[in-house]
1. Identify all residues within segment B:189-214 that are surrounded by 12 or more Cβ atoms within 10 Å (Cβ to Cβ), part of a helix (DSSP H, G or I) and within 11 Å of another protein chain (Cβ to nearest Cβ); write none if there are none.
2. Out of the strands (runs of 3 or more DSSP E) lying entirely within segment A:148-266, which hold 1 or more residues that are within 14 Å of another protein chain (Cβ to nearest Cβ) and of a type in the set (S, T, N, Q)?
3. Look through segment A:98-133, keep the residues that are assigned to a helix (DSSP H, G or I) and free of Cβ contacts under 8 Å to residues at least 24 places away in the same chain, and return whichever of them is nearest to A:Ile389 (Cα to Cα).
4. Can you tell me which of (1) away from chain A (no Cβ under 14 Å); (2) in contact (Cβ under 8 Å) with a residue 24 or more places away in the chain is the one B:Arg59 doesn't meet?
5. So which residues in segment B:155-175 are away from chain A (no Cβ under 14 Å), more than 17 Å from B:Leu115 (Cα to Cα) and outside any strand (DSSP E or B)?
6. Could you go through segment A:268-276 and let me know if any residue there is in contact with a strand residue (DSSP E or B) (Cβ under 7 Å, 6 or more places away or on another chain) and surrounded by fewer than 24 Cβ atoms within 10 Å (Cβ to Cβ).
7. Mind checking whether some residue in segment A:61-75 is closer than 22 Å to A:Pro241 by Cα and in contact with a Leu (Cβ under 9 Å, 6 or more places away or on another chain)?
8. Collect the residues in segment B:1-50 that are within 20 Å of B:Leu192 (Cβ to Cβ), of a type outside the set (Lys, Arg), surrounded by 18 or more Cβ atoms within 10 Å (Cβ to Cβ) and away from chain A (no Cβ under 14 Å), keeping them in residue-number order.
Amino acid sequence: MRDVAIIGVGMIPFGRRDEDGLMDMLAYASLKALDDAGLGAAGGAVRGSGKEPVGIEAVYVGNMGGGILQHQTAVASSLVDRINLLPAAAETVENGPASGGSAVKNGILAVASGYYDYVLVVGGEKMRDVTGWRATDFVATMTHPQVEYVYGLTLPGMAGMFTRLYMEKYGVTRDMLVAVALKNQEMGALNPYAHVEMALSREGIVDSPHSVVNNPTVADPLHLYDACPVSDGAAAIVLCPLDRVKDAKKPPVVIAGFGQATDTHTLQEREDPTDLKAVTLAAQQAFEMAKLTPADIHVAELHDAFTILEIAESEHIGFFKKGEGGKAVLAGKTCFGGSLPINVSGGLKARGHPVGATGVAQVVELVFQLRHELPKNRQVKNAENGFSINFGGFGNNVLSFVLRRVRQ
Amino acid sequence: MAIDMELEAVLRPPVIEMQPYPPKVITLANGKKLVIRQATREDVPALLKAVHPCMFITRDYYDIVASRVYAELLGWYRYRVRNEYCLMGQVDGYVVGVVNGRLVDEKVGMSYHTLAIDRGLRIGSHLFAAKMEYHIEYLKQDSVLIVAESPIGFRRWMIEYGLEPTDIQHELGGPDSYRLTKELYYDSMSRLVVGDRPVPQELMDEAQEEILIVSEDSILEKIAGLKGR
């Protein structure tokens, strides 16, 4: 397998983008990534054509809901035409909220195998075309149709039950969940790509009696600010073999490792529903491939669709022992300036969660960090290794990535 | 503009004396203090300036809501609407929202509009709750007639308060009114109506000293979502 480098990244501000369609957003993010890679005028190419200057040979698009929300399928085919990358190969990757991560993995495999040299990976979702109810229903289509969905189970509902179990088993407290929300919103307020650029106050969401309106219960014990917003957005990366990186203006970042694992469709079938086995397995694979351990990671982007997930994932990845993740948040270990900053972007909590975009956006954020190109108030000092986890279903399909800054 | 007071006496409606709304303060999710207080006629010109930019934002039906609020406030200012009142929300002196309504008679209220000029902090919810609080707790009314012009309004009022449908035509036209009864209000109060009284003097002084209005660009960014474009 060849080493794979990320030579370009692009992202558009997440949020509610009424004026942009799904294809507009995918196109904007793609063009930004191509420009960042210095391939803005590259166009498309047939595999192995030897075209000079190089062209994009394949495009992978992570998207979960085009068929449901926009009544549009085959978005990758549409995208290559839209941004003039014909005749590049194109594939849409649908894998629930892990669609973005899956698209990245497919792009990596395509380059690592030696089959393609220059690959564009894009993730995007347009969720605000519909009301919040319909968006929640759309996301719930990933639940089991016979034993979950028909009973009205939604992802917030599932997360609420998971949180209650996790609290009972590992001593996670409401204070710990609140600390995740405050931390990620504070960082999101500094991120121009974030959907919710607003810091919260503990008084306003917990301590004051007014918090009953500001931060109502969504799915006990989770409250409004324990959940990510429903967002529109897109992000993109350009991949090529590391040995093809020449005269890079920006430090290349290499995919040092990746992993993917699945678990039972329903939580109820798991021997211990608090055990996120797929997270553990995906992380182990990525660390093994990268020949690194969790202790070697300097910055991480975790899939905090709900505050509990940041804590649970941090323990299942091996950053902290079981029962210690929440304490680490309270101790400030995971905040900006802490020993392991987690979700400096604001995470899904503040940046937003356009489901198909998230896995790619996490990688884009890590590339920003590893290139050391963020403003001082967001740049993790001397970050060399980054880690991300993209959590599909309720942990039934998980992807992880270890990224490393290439020393030049 | 010259005013013929003899003719005005004919044009101006009679009024029911209204008990004043006691101001209150609410801590928002970001820690800022929202002061909700009753507007006076003298406040209307400043409020119109705050409402005006919203009249040209199509998102979430701000255009129709703001245009109607503008007309209703002007109607009140010029003494053309019977028994109207307006409450406003201020943060750091800046107007962040207005709500208005009127009394149909001593026992029945008519909710007009709720306009949040700053978004994402449940300011609209807090202001609507204050309006219902005014009708039921301070004006001692039995019920309030309400319609929604946006899906957000429908979700916030009809669903969150469990309003009951009626076959009564609302003055805004459109569909039949929904109704908030005393019972529904008191059932919802613990989860929807909050605020502290009295408002600390320094906050009241700040709110009353000058009604500040954010820039039109800021209103567009907050409401029309033009961030980063």
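1. Answer for segment B:189-214, where residues must be surrounded by 12 or more Cβ atoms within 10 Å (Cβ to Cβ), part of a helix (DSSP H, G or I) and within 11 Å of another protein chain (Cβ to nearest Cβ): B:Met189, B:Arg191, B:Leu192.
2. A:217-219
3. A:Leu109
4. Condition not satisfied by B:Arg59: (1).
5. Matches in segment B:155-175: B:Gly162, B:Leu163, B:His170, B:Glu171, B:Gly173, B:Gly174, B:Pro175.
6. No.
7. yes
8. Across segment B:1-50, the qualifying residues are B:Tyr21, B:Pro23.
None of the figures in this text is laboratory data; all of them are computed from the coordinates on show. Keep in mind that what you see is a predicted model, and the values were worked out from it rather than measured. Heads up, the Cβs are rebuilt from the backbone with ideal geometry, glycines too, and the neighbour counts pull from every protein chain shown.
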